[in-house]
Amino acid sequence: MSVIAVSPAVGSFCITRSAKMVSRPRVVMAVGSNTISGASILTKLQKDCATPLPVLRHVVDAMADDMRAGLAVEGGSDLKMILSYVDALPTGNEKGLFYALDLGGTNFRVLRVQLGGKEERVISTEFEQVSIPPELMFGTTEELFDFIASGLAKFAQKEGGKFHLQQGKTREIGFTFSFPVKQTSIDSGILIKWTKGFAVSGTAGKDVVACLNEAMKRQELDMRVSALVNDTVGTLAGSRYWDDDVMVAVILGTGTNACYVERVDAIPKLQDPSSTSGRTIVNTEWGAFSNGLPLTEFDQQMDAESINPCEQIFEKTISGMYLGEIVRRVLLRMAEAADLFGHSVPEKLLMPFSLRTPDICAMQQDTSKDLEEVGSVLYDVAGVNSSTNARKIVIDVCDTIAKRGGRLAGAGIVGILQKMELDSKGLIFGKRTVVAMDGGLYEHYPQYRRYLQEAVTELLGPEISRNIVIEHSKDGSGIGAALLAASNSKYGHDI
Ligand code: ADP
Ligand code: MG
């Protein structure tokens, strides 16, 4: 394996794309002669995962530098810094009926909202969730979009009660599409590639808004897409509706991403800086960040065996899809080399991704004396009976990986804030600035959340960190997309 070790804790292991060498986990029948202890593996893990202030500061600076490089020229950095074309954010004055469609995983959500302006705000919302038949994830573009448009048409037919469209207007929709898109305007974008298990033929290279519009026409559904948005952008818009100080949005769920409000004059690669507000939202795609992260041999192995080696390294270190898997790899090593679960290696523990992030989160909530919850998770997931001592080590492993993830996510956030602050002296750190957070990992993992906040406070110091509010976004990205349809309405604002 092509691995280079750089300084004791800060490392980069991807030197070539061909560094992929799959190492298969082996079953080792330990015979009690192991001299390595679980505790010593843990100590080394803690050392390799350590995120003292200098490591965090390095991440902050590198994140800010990478952002700048990505804004300078297309392909200038690991961070794509995708322009969202969203330069009109919700103000609270929006009025009328708007729809949203969220396609980002195995489900799609449709939503409608009746907005009543500053006084009445959200008069009413309704939503439905529809799961996508697996065969459509491997079908044709027309089949997928026809299915979505017909779901949308059925939902629109049930409109009534508090929802009403002003006469003479067409229904407008905000389309949240969480796949990599090369956006060409607020209401168009070319699909770069499908991810997350989708392999629909004929869509890559096409404008996904045109695909949806054509399907809506086939369904005789009179609706118009006014805004195509990424889920981070939807989250930012949704939070901004309630709070003018929201400047950054971060998703920590299965994957991770962040976006923020940028000045158009700070984007050299922008060809047409004709934003009316002078600002626009930039989608960082920060999951691809990799500079100076404290990585371990377990991370290296997981990456090498992944479907996208050497890519999305930040995502692989801090997001929900991977934290449980890193812990599993450490526990497997402890079982093989240090008899953590007795003389044989539990077979279930050999299965990649068998330990999930919600499992390690559940174990960390166990405060009982004998750590019974830890014992039952280990039994269910790995099929082992564990001693109290082994359970304590397991908790320490979970904590080490969650701590590293949370603290690095915090450093990433400070990196974005620092970049913004340097360009606009005092406008970020000198006043209240809100970072809107969303995603299952952030929402459900209290220790992770605490480590993230601690790192932000450590990095910014007590005074500045009083101005920086990191909070869970209450509405998520769905309503944000509808609000963006409203703020980018072809009818203008009905104020
Ligand atoms: P997605 O990112 O797929 O759009 P979510 O934002 O709902 O969806 O995040 C789901 C992810 O959040 C899961 O894949 C898991 O990693 C993480 N997660 C869910 N529940 C928990 C939990 N109780 N503790 C820790 N992580 C969780
Ligand atoms: Mg999501």
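What follows draws every value from the coordinates through simple rules; no lab data is involved. Since the structure is predicted, the reported quantities are computational estimates derived from the model, not experimental observations. Note: ideal-geometry Cβ built from the backbone for every residue, glycine included; neighbour counts use all protein chains shown.
Roughly speaking, what % of Cα-Cα pairs in the range 431-495 are separated by over 17 Å, rounded to a whole number? The calculated P(r) of the range 431-495 puts 56 percent of pairs beyond 17 Å. Checking the cross-link pairs 431/490; 80/419; 80/474; 217/490; 316/474; 348/369 against a 23 Å limit on the alpha carbon distance flags 431/490; 80/474; 316/474; 348/369 as lying beyond it. When the Cα atoms of the chain are aligned to their principal axes, the ranges along those axes come out at 82, 51, 46 Å in descending order. Checking the a/c ratio against 1.5 first, then a/b against b/c, what shape does the Cα gyration tensor give for the range 100-218? Cα axes put the range 100-218 in the prolate bin. Whole Å is fine, so just give me how far the alpha carbon centre of the range 250-294 lies from that of the range 102-123. Cα centres, the range 250-294 to the range 102-123: 24 Å. Taking a ≥ b ≥ c as the square roots of the Cα gyration tensor eigenvalues, with a/c under 1.5 meaning rounded and otherwise prolate when a/b beats b/c, else oblate, which class fits the range 180-249? Note, shape of the range 180-249 comes out oblate.
The spread of Cα positions in the range 194-292, taken along each principal axis and listed from longest to shortest, comes to 44, 36, 31 Å. With an a/c value of 1.5 or above and a/b not larger than b/c for the gyration tensor axes a ≥ b ≥ c computed over the alpha-carbon atoms, the range 314-381 is described as oblate.
Measuring r between the beta carbons of residue 425 and residue 120 and using R0 = 45 Å, the FRET efficiency lands at 0.75.
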